[in-house]
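Heads up: the structure comes next, in structure tokens.
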């Protein structure tokens, strides 16, 4: 039920249909107004919106506004005739269990709508190779040879498609008709039981080019563009024994299509049977001129029953799912408040009044403004997943409980929690947030000592009105100083001891190599550096304790049984997952079950367990058994550098400064591998698809676990090729 807007009686309506006697008008403000339609995920639907203004133009102006389907722009509704019904149709494969149809952004008058329809389609209808990323926007659907100007739809078409009559006269619609074009029809049944199921009534009429040609011209709104085009033919004339109907498409010229000869009866395996060739991906101009010409050996001219042209519309990315989940949690804390009634996507096409969004893909929430919004209850723990957040305003509510873990929100600059009923200590991690400039927790019921990290002057910190909050005592400070000094001294002793052991082992190894060098060339040639790994010795990486072991059941739960494949690396397929604590991960599965693959896995874990750098993709954990092995990495939200510089669609634009930062980050990661590791690691497969970008567009190098380890004296380096076929590092 739509609660926004108001119903308006249509004045001087040119049609008698009940659904066009009223329309619903919405305010011409900065908000969007959305209808939510329930769908079945991955089912195809026809979505139709119609607009009949009906009223005389006020001061010569008619409405003009935007129409969106979820975050995807459907079109601009520009009314120029008050008595005309404007129709917008989109064929979609539902991305979830509901879709939002939104009106907004009026430039003249107010947004309005007359009807909104959702029609489920047969499973075979309008399937394309691109439906994961594109909708089909219906531009033209024409019934040729129609018996009247009235369109054909339900019940003649069980899917209620609207087939416009070719008798309707509109500017630049089906003009430049070839001489000799005649209209024919039949009452015989036409077999239309194929993919698109055009109605029998449409296929019982046609136009024929009695002088050897059929030609038309029409304008296509929102073109030039890529399109899916359908042509519908049925032989509805009884041809003689020696008669044939063969023709080709002369315009527009499309390689592979224009050379094909259409023989309807032969292609359809008989007369009075549908033949429906389609063009999966064709480039069409704003002005479409098309023609069919009979072949030299044909006795009859070309025939056409109907056609459809649909424009590909790229599906826009909606706001990050975790951010939306958190916003919904906040909305549930103030039921009945007007501010919770906003519909559609929080960021696109217009932002909800209480959020600010980034321009990234997908959009992330950067500012949450919920001051004085009558929030009741504890601050949602989901807040820790809003990694793009820079400002948090929750002051002036009735929030209770402790301040939750926000340590993951490294971009936070401003936090306002004053004038609530919060309890518990002030978390020490707040002073460690790298970007934090302002923290206000006044007038709550917090307790305990103020963390020393908040007393440095870096953060503007206000805590008055919390009687049980006190500055850190000198005794506590002295105790921490003593404890810190003790721990520091212990660490230094351990490091010195470890260094002594290392140099002793290094000295013994060098002496051993020197002795072996005296045994002759044959011995030298047979000696190779030993690469040990536990599996080859019958042991297990679990026994070595080199990384956090994650049970298979936890990985299956996180990845929803490996249902979301996000890529394939040198190691094997990569799947998206979310651990129980909410952390997003990428799970790499071992594609190679050979002993060489086992060695690669052991090498990967051993290397990654001891390598930690801000510009290298971190390893979270691993799994191994006798049959499969997996590595669990931190998930990089913005994909690979390659996605952004070679596939511009739906990716964040990289200006030169951003590219410079990414290059610098990657160089730092490689520099650490070369000089910060002992022994050094040479990547061997540096390429844009192995440079990943986190939520803040900072670069991290990946796939270095299968790289080569350089010898300490750099005199013996394996020449075995690794990495991407056809590529080898210049090093």
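The requirement of being at pLDDT 90 or above and more than 26 Å from residue 86 (Cα to Cα) is fulfilled somewhere in segment 132-139, by at least one residue.
If residue 352 satisfies every condition in (1) free of Cβ contacts under 8 Å to residues at least 40 places away in the same chain; (2) closer than 30 Å to residue 72 by Cα; (3) surrounded by fewer than 21 Cβ atoms within 10 Å (Cβ to Cβ) but one, which is the exception? The single condition residue 352 does not satisfy is (3).
Yes or no: residue 652 outside the structural domain of residue 411 (by TED's automatic domain parsing) and modelled with pLDDT of 85 or more? No; evaluated as a whole, the condition is false for this residue. Among the residues of segment 366-377, is any surrounded by fewer than 15 Cβ atoms within 10 Å (Cβ to Cβ), modelled with pLDDT under 90, in contact with a strand residue (DSSP E or B) (Cβ under 9 Å, 6 or more places away or on another chain) and outside any loop (DSSP other than H, G, I, E, B)? For segment 366-377, residues surrounded by fewer than 15 Cβ atoms within 10 Å (Cβ to Cβ), modelled with pLDDT under 90, in contact with a strand residue (DSSP E or B) (Cβ under 9 Å, 6 or more places away or on another chain) and outside any loop (DSSP other than H, G, I, E, B): absent.
Considering only segment 550-582, state which residues are modelled with pLDDT under 85 and crowded, with 16+ Cβ neighbours inside 10 Å. Within segment 550-582, 569, 570, 571, 572 qualify.
Considering segment 273-347, the qualifying strands (runs of 3 or more DSSP E), each wholly inside and each with 3 or more residues that are crowded, with 19+ Cβ neighbours inside 10 Å, run over 287-294, 306-314.
This table checks each residue for (1) at pLDDT 90 or above; (2) in a loop (DSSP other than H, G, I, E, B).
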site: 1; (1), (2): no, yes
site: 14; (1), (2): no, yes
site: 19; (1), (2): no, no
site: 33; (1), (2): yes, no
site: 46; (1), (2): yes, no
site: 54; (1), (2): no, yes
site: 67; (1), (2): yes, no
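Is it true that some residue in segment 93-108 is within 27 Å of residue 229 (Cβ to Cβ) and either without any contact (Cβ under 8 Å) to a residue 40 or more places away in the chain or surrounded by 21 or more Cβ atoms within 10 Å (Cβ to Cβ) (or both)? Yes, because at least one residue in segment 93-108 is within 27 Å of residue 229 (Cβ to Cβ) and either without any contact (Cβ under 8 Å) to a residue 40 or more places away in the chain or surrounded by 21 or more Cβ atoms within 10 Å (Cβ to Cβ) (or both). Elements of the type strands (runs of 3 or more DSSP E) sitting completely within segment 173-222 and holding at least 3 residues that are crowded, with 18+ Cβ neighbours inside 10 Å and at pLDDT 95 or above: these cover 205-209. Every listed requirement among (1) in contact with a strand residue (DSSP E or B) (Cβ under 6 Å, 6 or more places away or on another chain); (2) surrounded by fewer than 20 Cβ atoms within 10 Å (Cβ to Cβ); (3) modelled with pLDDT of 90 or more is met by residue 258 save one, (3). Screening the candidates 692, 670 for the property of being modelled with pLDDT of 75 or more, closer than 17 Å to residue 612 by Cβ, crowded, with 17+ Cβ neighbours inside 10 Å and within 24 Å of the chain's Cα centre (by Cα) yields one hit, 692. Every condition in (1) at pLDDT 95 or above; (2) surrounded by 21 or more Cβ atoms within 10 Å (Cβ to Cβ) holds for residue 126 except the one numbered (1). In this entry, residue 395 is excluded by the filter for residues that are farther than 20 Å from residue 465 by Cα and either over 17 Å from the mean Cα position of the chain (by Cα) or not in a helix (DSSP H, G or I) (or both). Remark: residue 363 falls outside the filter, which requires a residue to be under 20 Å from residue 317 (Cα atoms), surrounded by fewer than 20 Cβ atoms within 10 Å (Cβ to Cβ) and under 17 Å from the mean Cα position of the chain (by Cα).
Against the condition modelled with pLDDT under 95 and outside the structural domain of residue 397 (by TED's automatic domain parsing), how does residue 299 come out, does it pass?
yes
Keeping to segment 89-145, report how many residues are within 30 Å of residue 289 (Cβ to Cβ) and assigned to a strand (DSSP E or B). Number satisfying all stated conditions: 14. Taken over segment 146-163, the criterion of being part of a loop (DSSP other than H, G, I, E, B), within 36 Å of the chain's Cα centre (by Cα) and surrounded by 13 or more Cβ atoms within 10 Å (Cβ to Cβ) is satisfied by 153, 157, 159, 160, 161, 162.
The values are calculated or read from the model by the stated rules, or taken from the named source; none is laboratory data. What you see is a predicted model; the values in this text were computed from it and never measured. No Cβ is skipped: glycine too gets one built from the backbone with ideal geometry, and neighbour counts run over all protein chains shown.
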